[in-house]
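*Asks:* If you scroll down you'll find the structure; I have some questions about it.
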Amino acid sequence: MLNLKNISIATLLFGFSAGQALADTRYDYAKVVRVDPVYQYSTVKQPIQQCYPVERTVRYNNDHRQRTNSTIAGAVIGGVIGNVIGDNRRSTVTGAIIGGAIGNSVQGPQYSTRVTQHCETVYEPAKKVRKIKGYNVKYRYQGAAYETFMHSRPGNTVKVKVKVSPVRH
């Protein structure tokens, strides 16, 4: 049966052995002998905005007042012409009606051509892009050769962790 005394002794012994393991670990520097970049390839599509002029025809109607004014002006002019030609009331009324109709049709729908800028996003053909992913690093420590992968380029030395422990038989 475990009691508090046994648990305390076990915790103390474990803490002491862990402390010993940490005490036997130190850091040193190893000489870098070779660095080779490791590349990663990816396909990239670059967006480009292309703009060009576009000619557009727009239909619009004049407002009601302009159309009314044109009809009235056409009727007056037509009435005057009808009166001059026929020299009677009937010719004057007929000329006014024809002139009003002509004045009304002149102010019908209007068309306008405008040039506007039209833009769209297009993608240039895909390109392969080469990017450095990291470095394969070869280094020597106390005469032995080692190799590792690093994300950043090392200098002339790399920091190494050295742990000393006894060999048990």
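*Asks:* Scanning the stretch 1-58 for residues that are under 30 Å from G134 (Cα atoms) and charged (D, E, K, R), which turns out modelled with the lowest pLDDT? Working first, answer last.
*Replies:* At the first step, the residues of the stretch 1-58 found to be under 30 Å from G134 (Cα atoms) are 25-47.
Still in the list and also charged (D, E, K, R): 26, 28, 31, 34, 36, 45.
Details: R26: 92, D28: 94, K31: 96, R34: 96, D36: 96, K45: 86.
Once the filter is applied, the top-ranked residue is K45.
*Asks:* Another question, then. Take the conditions basic (K, R) and surrounded by 10 or more Cβ atoms within 10 Å (Cβ to Cβ) and apply them to R168. Does it pass? Before the answer, list the steps.
*Replies:* Values: basic (K, R): yes; surrounded by 10 or more Cβ atoms within 10 Å (Cβ to Cβ): no.
Considered against the rule, which asks whether it is basic (K, R) and surrounded by 10 or more Cβ atoms within 10 Å (Cβ to Cβ), R168 comes out as no.
The values are calculated or read from the model by the stated rules, or taken from the named source; none is laboratory data. Since we're looking at a predicted model, the values are computed, not measured. Quick reminder, even Gly has a Cβ in these numbers, built from the backbone with ideal geometry, and neighbours come from all protein chains shown.
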